[in-house]
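So the structure is just underneath, and the comments pick up after that.
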Amino acid sequence: MIEIKKYFEKSKLIPAIVQCAETNEVLMLAYMNELSLSKTFESGYTWFWSRSRGELWNKGQTSGNTQKVVEIFADCDLDTLLIKVEPKGVACHTGSRSCFFNKIEEGDKSE
């Protein structure tokens, strides 16, 4: 049995970076609480806590764009997770494969 509580000693929500296991591309960042991490381990698919809706959500439950968990790592402080997945479909709600497609250019500075 995995001791989930130790990852939430500093905060009730922790960041979870989702990465494609095959390509190492960063797909998205979401937040997890104890229950979503527990459901992720139980189901083998990613579950997160929606800060905007204040509820659990299973990635791909309505869209079909699921993320099958391959492995999960914690950072050195045990307060951030890296979840390597086999994605089925896109990760971003905009329809993009990754949520990280807005490149910041030098000229984008605001003064």
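The values are calculated or read from the model by the stated rules, or taken from the named source; none is laboratory data. All figures in this text were calculated on a predicted structure; none of them were measured in a lab. Virtual Cβ from ideal backbone geometry, glycine too; neighbours counted across all protein chains shown. When the accessible area is computed, the model is the full protein with side chains, heavy atoms only, and any ligands, DNA or RNA have been set aside. Shrake-Rupley method; radii C 1.70, N 1.55, O 1.52, S 1.80 Å.
Go through segment 16-55 residue by residue and tally those that are touching a helix residue (DSSP H, G or I) at 6+ places or on another chain (Cβ under 6 Å) and closer than 11 Å to Val69 by Cβ.
Here the count works out to 2.
Which of the strands (runs of 3 or more DSSP E) found entirely inside segment 23-111 contain at least 3 residues meeting this: touching a residue at least 40 places away in the same chain (Cβ under 8 Å)?
26-32, 67-74, 81-87
If Ser98 satisfies all but one of (1) at pLDDT below 95; (2) under 13 Å from the mean Cα position of the chain (by Cα), what's the number of the condition it fails?
The one condition Ser98 does not meet is (1).
Kindly establish whether Ile72 is of a type in the set (Val, Ile, Thr) and surrounded by 12 or more Cβ atoms within 10 Å (Cβ to Cβ). Reasoning before the result, please.
Values: of a type in the set (Val, Ile, Thr): yes; surrounded by 12 or more Cβ atoms within 10 Å (Cβ to Cβ): yes.
Yes, satisfied.
With the requirement that a residue be at pLDDT below 95 and of a type in the set (Ser, Thr, Tyr), what does segment 62-95 give you?
Thr62, Ser63, Thr94
Inside segment 37-69, can you point out the residues that are surrounded by fewer than 13 Cβ atoms within 10 Å (Cβ to Cβ) and among the β-branched types (Val, Ile, Thr)?
Thr62
Quick check on my filter: what residues within segment 4-22 are part of a loop (DSSP other than H, G, I, E, B) and aliphatic (A, V, I, L, M)?
Ile4, Leu13, Ala21, listed by residue number.
Would you check if Ile104 is among the hydrophobic types (A, V, I, L, M, F, W, C), at pLDDT below 95 and either open to solvent by 90 Å² or more (accessible area, probe 1.4 Å) or closer than 23 Å to Lys6 by Cβ (or both)?
On the way: among the hydrophobic types (A, V, I, L, M, F, W, C): yes; at pLDDT below 95: yes; either open to solvent by 90 Å² or more (accessible area, probe 1.4 Å) or closer than 23 Å to Lys6 by Cβ (or both): yes.
Yes, satisfied.
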